[in-house]
């Protein structure tokens, strides 16, 4: 396939773009995957390619486990101390009330605090990732999350849901 057609597949967000690229450029990419035998005069293109490869590898590793890249269990453990569980009909009704209370609780938080909490509990983002996203230290994020969980626990107690 011609390069122009492969590029068009990418712009169309077609799933065929990657296999077509691999078919045409796979051997070439394997050849240049290590430091070139001759010393490059311009290192930037080599570093750009290497950085992109490392970034994609890291992304695959983070998403290797379905949803959350290994953080899911940790987040659920953190919330288990606050949120009641159950499976019978009465518990399902309580779960609906809990969901509504959680939405109301989130509306009481300032925007940044709510976004940090949602990033952790909904998107299962790691503390370091959240810290980088918001420009905080990991310690600050951990403290924010701890305090928000405590506020949530107090709120749920006030509402009679915990």
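What follows is calculated from the coordinates using simple rules that are stated; it is not laboratory data. Keep in mind the model is a prediction, meaning the values are calculated, not measured. A quick note on method: Cβ atoms are made from the backbone with ideal geometry, for glycine too, and the neighbour counts reach across all protein chains shown.
Between residue 100 and residue 122, the distance separating the two model label sites (each 7 Å from Cα on the Cα→Cβ line) works out to 1.9 nm. Using the Cβ-Cβ distance between residue 115 and residue 54 with R0 set to 41 Å, the FRET efficiency works out to roughly 0.90.
Here the simple spin-label model places points 7 Å from the Cα toward Cβ, and for residue 14 and residue 108 these points are separated by 5.4 nm. Spin-label model, residue 28/residue 147: points 7 Å from Cα along the beta carbon direction are separated by 5.4 nm.
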